1. Each residue of segment 161-174 in turn: what ³J(HN,Hα) in whole Hz from Karplus with 6.51, -1.76, 1.60 and θ = phi - 60°, glycine and Pro shown as x?
2. Calculate the dipole size of segment 103-210 relative to its Cα centre from +1 charges on Lys and Arg beta carbons and -1 charges on Asp and Glu beta carbons; express the result in debye to the nearest 20.
3. Compute, for the chain, the length of the dipole vector about the Cα centre, with Cβ point charges of +1 (Lys, Arg) and -1 (Asp, Glu) only. Units Debye, rounded to 20.
4. Pop out the ³J(HN,Hα) list for segment 143-153 in order, Karplus 6.51 cos²θ - 1.76 cosθ + 1.60 with θ = phi - 60°, rounded to Hz; leave Gly and Pro as x.
5. Report, in order of residue number, the helices in the chain meeting two criteria: a C-alpha extent of 24 Å or more along the helix axis, and a mean Kyte-Doolittle hydropathy of at least -1.0; treat each whole DSSP H run as one helix.
6. Between Glu82 and Ala196, what is the label-to-label distance in nm when each label sits 7 Å out along the Cα-to-Cβ direction?
7. Which value in deg cm²/dmol, rounded to the nearest 500, describes the helix-derived mean residue ellipticity at 222 nm for the chain, given -39,500 (n - 2.57) per DSSP H run of n ≥ 4 and division by the residue count?
8. Please work out the FRET efficiency for the pair Ala126 and Ser172, using the Cβ-Cβ distance as r and a Förster radius of 25 Å; give the result to the nearest 0.05.
Amino acid sequence: EAPIDMADFDPTRMARFANEELAKIAEPQRRKILINFRDHALAEALGDYDALMATCSQKSQRYEVYADNDNEFTRNQPQSYEELVPHYKALIDANMYLMHGEPDKLIVGEDALFVEMVQHMVVPGAIAKLAFGVQEASEQGVYLFTTRIGVVFIFDEDGMGCGEHAFGGATSIERMRLLSEDEIPAQFFSGPRTVADFFAENPDLDWPTH
């Protein structure tokens, strides 16, 4: 998969796409699932920790990453809400939340949602080396990691997210491109934003709540 031109990099792309797909779905339960997914994607894109956790079920959680290589990231996925709380906090603190998901397929069920996409993730070099096991990465660099993935999102009976099972290829230096300083998204340096900021900047955006 080809890396995205960073001029087109938009962490809210997946949330916006999900919002557009809502117009195609009439069934209340499927709409509830898609709205939770959309709001989760938006909060994660912005690094809004409180809004992100508000989309997660406190009843149960199970995250898995099925990839071609074994590393700290794939081995240490949360298996409960108690483990999910520090997991997302650590991702945001480590600047690991800036992703552009370019979707090819979105299937919405009554208790699960599947998305296939090309994911472009901004990854600090130190994290690439420590968590992903990419020893060739420069610790001072910032990379764009591009890969095709499929993710199954699961939901509880209230339509709250309770897990993600991701399937993809190996994390390797061949799938990573070192970004020049002027290519790195401004938010990487300025830090997390809030969902309120997003709507203040997009006052005319139609964003259904049910």
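1. My calculation for segment 161-174 gives x, 10, x, 9, 10, 9, 10, x, x, 6, 7, 8, 5, 5 Hz in order.
2. It comes to approximately 540 debye.
3. 280 debye
4. 10, 10, 9, 10, 7, 8, 9, x, 10, 9, 9
5. TM-like helix candidates: 28-46.
6. Between Glu82 and Ala196, the simple spin-label model gives 3.2 nm.
7. One gets -9000 deg cm²/dmol as the mean residue ellipticity at 222 nm.
8. Efficiency computed from Cβ-Cβ geometry: 0.90.
The values are calculated or read from the model by the stated rules, or taken from the named source; none is laboratory data. Just so we're clear, the structure is a prediction, and the values are computed from it rather than from any experiment. Cβ: placed from backbone, ideal geometry, glycine included. Neighbour counts: every protein chain shown. Note: accessible area is taken over every heavy atom of the protein model, side chains too, but ligands, DNA and RNA are not part of it. Shrake-Rupley method; radii C 1.70, N 1.55, O 1.52, S 1.80 Å.
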